[in-house]
Structures are given as structure tokens and as C-alpha cells.
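One structure is given below, encoded as C-alpha cells.
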Amino acid sequence: MAAGPAPLGGHPRAQKPHLSKMERVVVSMQDPDQGVKMQSQRLLITVIPHAVTGNDVVEWLIQKYCIAEDEALHLGTLLVQHGYLYPLRDPRRLLLRPDETPYRFQVRLNWEQTPYFWMSTLWPAAELDYAIYLAKKNIRKQGALVDHEKVGYHHPSPATPAESSQRNPSPTSGAHSPGSKLIQMHKHTHPIEGVSEGRWGVHPPELGVGKSFPLETFNHPQAHYDQLHRKINHTWDLVVMQAREQLRAAKQRRKGDRLVIACQEQTYWLVNRPPTKTVDFYKRRIECCRKALGRTRVKSSVCLEAYLKFSSQRGPHDPLLSGCLPSNPWVTDDDTYWAMNAPSVAVPTKLRVEQWAFSFRELLEDPVGRAHFMDFLQTEFSAENLSFWEACEELRHGGQAQVPALVDAVYQQFLAPGAARWVNIDSRTMERTLEGLGRPHRHVLDDAQLHIYMLMKKDSYPRFLKSDLYKDLLAEAVVPLETKRRVFPFMWKPRHSSPSLALLPTSTSGEPEAAAGSPGGGDGET
Amino acid sequence: MAKEECKALLDALNKATACYHHLVLTIGGSADSQNLREELQKTRQKAQELAVAIRARLTPPLRDRGLGAEERAEFERLWVAFSGCLELLEADMRRALALGTEFPLHAPRRPLVRTGVEGGASGVAARALSARSLRHEGERDFDVEDLHQLEREILKVGEMIQDMEMKVNVPRWTVQARQTAGAELLSSASAGVSSVGGVSVQQRMGPCDLSKALAATIFSAVLLAAVALAVCVAKLS
């Protein structure tokens, strides 16, 4: 569950479930009978209904979900930070206070429900929207986009209540250090001590975090306004026109409604503020795109060719496509097929031997094939390669406790300078392997193993396929005969009496078999 | 003159878009009702008619290669504003569709969110349509049909934008806007009217100033009494 506020920026929030859960909570809060108690907010003349106090919200949460007060407070704060609920007194501070401060609900559209590409096409419009909002605010506040609230506003990632209360009593330390950092960034020559008398006229620290320009210059509405003005300068006519028109349209409503809508918009933009895209952001984007360009891509024509070749090669070998000889055991209850194709069998079938020619991996994976390949290598006096490869496989797939011992054994047998079965590895790989042997783990011999594998594949394997040994194997391989088929398959007599449930009860000749073969029948007989 | 016509139409479209945006803000809240949906439909249909008209007027001059640089710049400015407006309209229409499907009017289970907004928005819609008042005449299942129609209209607007991009080649970043930063503050009449509203809007957010308001009224009452007494004294003497 997202612990923080809605992340700044246009990236679609990756987690959907937490938002739909929140929505359910909010909907149940709205229930007229069992929801939170609603009150009316009284201003000077206008009365606006549908306000709730923080206290009520917390109590309702405690009562409905049987949770402790801290948890209810945290949950309420999350609701506020995601924009479902907004505070009426202090709109910038997005947390829930368990006292009489009033809040109100607002309709919040979950952007997660829109597909991702929609988010990115809406993005330019969102900047435009934000620009229009800032222009409207500018008009309303007569040019001062600074908030005149007594309590300073916080960073978009709001501090916890403990932190915020810490800020107020100790304004000197709070106001100076971030401010000094910022000033250091902007003006290198400005002395740190002169922060309070700085150019921006920061108020003396007694007032608390009052008109704190340097502290949050990056997230200041005025800074956003200027930045947007630079960025979408070409549409500024539209921005101004729309801002004016929207304000005029709003005047057609009652004052209470106008206030509510203005509050809603303010909260929306507090929660969903578009990010300040600094230079770093763009640099990272460029890096990402460059990496994406450099990735190897295979043309679809090439991989389709490979796919076709694979299919045509394997077609005759596939038991479902080309039938299996002697017969399909699932159909005829005859398991000769399985017996003939067992992992270690004396005489392999022809199809199997042909499969060894497809790729080196096929050959090595088949135990019979591997054994014959080993024989071949012994005639060529390079059998230690295959033994080394097998030992490395054992290391990779073996138990963790045996790893050090096995590494040592392999080293002694294959890699040590005067070893009995020394394998020929190039110097660089040998160096790297010897370095890694100091701290043995199961993948320490991977480089060497790969080298030997490629050596065998490029060198010994083609020779094996051309060798007499292989040709003899092909000649000796057995091709099983297909069992004769009867005309009516369902009247087959099974070779071995098996309690096969596949025998249909309706077949006349099958019935006695079924009766004799079924376990109940068998029991009855004995 | 073609330019004046275009400008007038663009202003009307701007107004319609702003009103539509304003109406979309209240969907799903406590002020949502059949009337609101009807108003939304009327407003967006008007906006679309205006868009088609503007497009018909703006496309020929921009495709005409023999136009002077000044004139062309002017038309390009209008074009950029127009396409921006259309994008805003499309975005708002999509939001309206999403919200409309989430908050159906006649479903028993999901209540509308109680946002505190009451009162109708017919004034807003009337403003968009430049009419005095609006008649509401929908049937019961209006909102469901309306949503289907809204989907179709979104597609149409999307196609229109796409078409516009293809037909007319105006690089947006080269257009120089007339208004500068802070230009919205310079509009005299509306700013004056809105400042009054602005001041009171601002006041509402201060920590509940009931005591201050009370003090102000007492002070003014005392002042009035003092003035009255002074007048009486002056009359008597």
C-alpha cells in the first residue's frame, strides 16, 4: 500500500488496488444512514452543507473497522493526501486532525482506470489545465500567488505531524538550514549568515515559517507559473482567455457553490501537482532512450525463418502431429512406445538418433547420446572436456553444502597446472576462474564451462556427426512397426487386461472385459 | 472580415469550453442530476458546432500559400488557440464520460458523493449557449443514452483534431502569443468585479473570523451611533 501521498507527476500510479480500497471506504462513509455524520459549515452569510469534522471521521473509522486510534488517524491522513477528503481551514496541510476542523468530500477520478497511453496524451492538456488554474488564481488574488496564510506551507511530501510541530517551535534552525542550502545553490557568494537579511526579505524568525520564499522556491506557485509561461508560451493567449471565461462562468452559481468548487480545484492541484521537470529528469530520459536504441533487435523476417525451419525439422518427430510408432499408449493401452524411448535403452530408435543431429544441446540432454558422444571423444583423446562439463553441471545443480568440496575436486582434477585431465582454457578465462576460486560458489566455474561447451560445439560435434560411429548408430537404430489396426477401434481386445476406464460400456465385446476388468468385478471374482 | 468572424467564433467557443469545464466539475457530486446532464449535452453540442464552424473558416487561409506574413501569423495564433481549446474540450469530455459511468443517476447502490454543492448550474449552461434560460425536457434514461452519445462525440472530436493536424501544418512553438505573463491581471472590467468576489473568497479561508466580523459590526454600529449623536448635537446647538 502506498505509504506516501500521491506521487507527483504524470506517471500513472502503479498500484491500483489501494485506490479502489480507498474508494470503497469513502463510499461507505457517504452512506446516509451509516456513514459519517454530516454538518453544515457556517461562513459569514452562506451556509454550506456536507462538512465533516476530523473527529467524526476518526471515530467512524474506529467504529467501523475496529482499529486503534493511531491507525484510524493514519488512514484518514491517507484519504486526505490522496484527495478524497480535503480540509477546509488549512487547505495546504494535507493531514487529518482529530479535532473539530472541518473537512469535505470531493469526487476524485481515479486516473488508474484510464489506460496508460491516455495518460501520456492527456499530459500536455494537464499542463495547460494547471496553467489556467494558476492564471485564475492570479486574477483572484490580484497578482500575489503567494499564500498569505499564517502557517507556512509544506513540501508536497508532507511532514508527519511530529515533524511539523517540530518546525514551528524551532523556527531558527528550520528556517535557516534549508534556506541557506538553497541560497548557496543559487548565489555562491552570498554569506550563509546573511540569510535573514537576504534579498527576498525573509521575515525574522519569530514569525515562524511565515513568508518563506527561499525555503520552497522550487514548489512555489509563482515559480510554477513562470516555468509554465516559459514552456507553453505559445498557448498563453488561450490560457488567459480560458482563465477569464472560467471565472465568469463560475459567477453564475451561488456563492456557496463557488466556494466549494474553488476549494475542490485547489485540493486537486495540491494533490496532483505536475512535477518540476528539472534538467536531471531530461538527462535520465535521454539516457533511457539511448539504451533502448542500443538493444539488439531481431527482424521478424529472421525469426520467422528460424521458426519455420524449426517447425519443418521437428514436424516428423512430434508424436501428436505425425503419430507415434508402434502405437499411442493412451489409445491402445500398449506401452511399447514408452519402453522403446526410455532414457537409457540399449538400442535407440531412429527418430531419436536423428534428433541428435539437430543441435548440440539435444545430444547432450539425451543420456544415450551423451554416452555415445563420450565414446567418440575418447577415440579423439578429448574426453576430459566432456567430463569437465559434466562436473560443472553437477556443481551448478548440486547441494549447497558440497560446493566448496566439489570446486576443489574439479580444480585438482581439471584446472591445476599439472592435473591429470587438464582442460584447455584460454588464459583470460583461466585467470578469472582462478581468482574466483578463492571464494567458491556454485557459479564460479560458469565462464570456463561455457568456453569448453563452445569448444565442443564448434569442434567436436561436427566431427561426431560426420564420423563412422554416428553413421553406424543410424544404421543400427530400430524403427518400430506400427501395430495393425482393427476396423472397429472400440472393439479392440487389450493386450494386457487393464482396468481401463476408456472401454466403453456400450460396446458388446467390451462389456465382458469391462466386467472382468473392473476392480469391483475383480473383487467379486476372488 | 474573416479574421473578426473567426475571433468572435473563437470567443464563443472559449466561453462554451469554459462553461463545459465548469459543469463537468460537478458531476458525481451532490448537485448532479438529470438537469445537469442535459445541460452538459447542450453545452458540448454547441461547442462542437462552433468548432466545426471555426475549422471551416480557419483552414482555407492557412492552406493558402500566398498569404502575407503578418496575416499568416495572426491566423496561426488563432489556430493554436483553437486547437488548444479543442484539446481541453476533448479532455473534459473524457472526464465527463468516466465520471458519468462511475456515477449513474438512477442506480440504487452508489450514492452521489456529498460534496456540498447545491443549486443548479443552469445559469452556466445558459451563458454557454448565450440564451436567457434553459428548458429541461429529458426522459428518465437520459443519462445512459447520453453516455453512448458522448462516446461517439469524443471519437468525432478526436478525429477532428487528428484531421486538423494532418491538413494544416502549423508548428506551435513558433507562434508568439500576444499576452504576456500576468496579462490576465490587466483586464479592467472583469478584474474589478472579480476582486470583490476575490476578497470575500479569500476571507472565507482565514481561521473562522467570526469574532473579527462581530467586532467589525459592533464598531460600525458604534460609529453610526456616534455620527447620529453628532448630527443631533449639531442640530440642537
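A few notes on this one:
- Projected label points at A:Cys289 and A:Ala409, each 7 Å from Cα along the beta carbon direction, are separated by 5.6 nanometres.
- The packing ranking of peptides A:456-466, B:64-74, A:253-263, highest mean first, is A:253-263, A:456-466, B:64-74, where packing means the average number of other beta carbon atoms within 10 angstrom of each residue.
- In segment A:312-452, the ratio of gyration radius to Kirkwood radius, Rg to Rh, stands at 1.10 when only Cα atoms are counted.
- In segment A:401-475, Cα pairs under 8 Å separated by at least six residues give a relative contact order of 22 percent.
- Relative contact order of segment A:18-105, defined on C-alpha pairs under 8 angstrom at six or more residues apart (%): 27
- Taking a ≥ b ≥ c as the square roots of the eigenvalues of the Cα gyration tensor, segment A:18-105 is classed as prolate, since a/c reaches at least 1.5 and a/b is larger than b/c.
- Sequence of B:Glu102, A:Glu435, B:Glu90 once ranked by neighbouring C-beta atoms within 10 Å, starting from the fewest: A:Glu435, B:Glu102, B:Glu90
- Close amide H partners of A:Leu96, meaning residues 5 or more places away or on another chain with modelled amide H under 5 Å apart, are A:Thr77.
- Taking 7 Å steps out from each Cα toward its Cβ at A:Lys251 and A:Lys299 produces label points 6.6 nm apart.
- Cα gyration tensor shape for segment B:1-94, rounded if a/c is under 1.5, else prolate or oblate: prolate
- In terms of surrounding Cβ atoms within a 10 Å radius of their Cβ, B:His106, A:His82, B:His136 rank from fewest to most as B:His106, B:His136, A:His82.
- Peptide A:263-269 has a mean shielding of 2, counted as Cβ atoms of other protein chains within 10 Å of each residue's Cβ.
- Inter-part distance where segment A:313-378 and segment A:52-81 are each reduced to a Cα centre, Å: 67
- For residues of B:22-29, the mean tally of beta carbons on other chains within 10 Å: 5
- Here segment B:144-167 is scanned for amide nitrogen atoms under 14 Å from the site 7 Å beyond the Cα of B:Glu5 along Cα-to-Cβ, giving none.
- FRET efficiency for the B:Gln176 to B:Glu139 pair, using the beta carbon distance and R₀ = 35 Å, is estimated at 0.10.
- Estimated FRET transfer efficiency when R0 is 30 angstrom, pair B:Glu159-B:Thr101 (beta carbons, to 0.05): 0.90
- Cβ neighbours within 10 Å from other chains - mean over A:36-43: 2
- Neighbour-count ranking [beta-carbon atoms within 10 angstrom, fewest first] of B:Ile154, A:Ile48: B:Ile154, A:Ile48
- The A:Ala357 and A:Ala419 beta-carbon pair, evaluated with R₀ = 35 Å, returns a calculated FRET efficiency of approximately 0.60.
None of the figures in this text is laboratory data; all of them are computed from the coordinates on show. Treat the numbers as computed from the prediction; the structure is a model and nothing was measured. All Cβ positions, glycine included, derive from the backbone under ideal geometry; neighbour counts span all protein chains shown.
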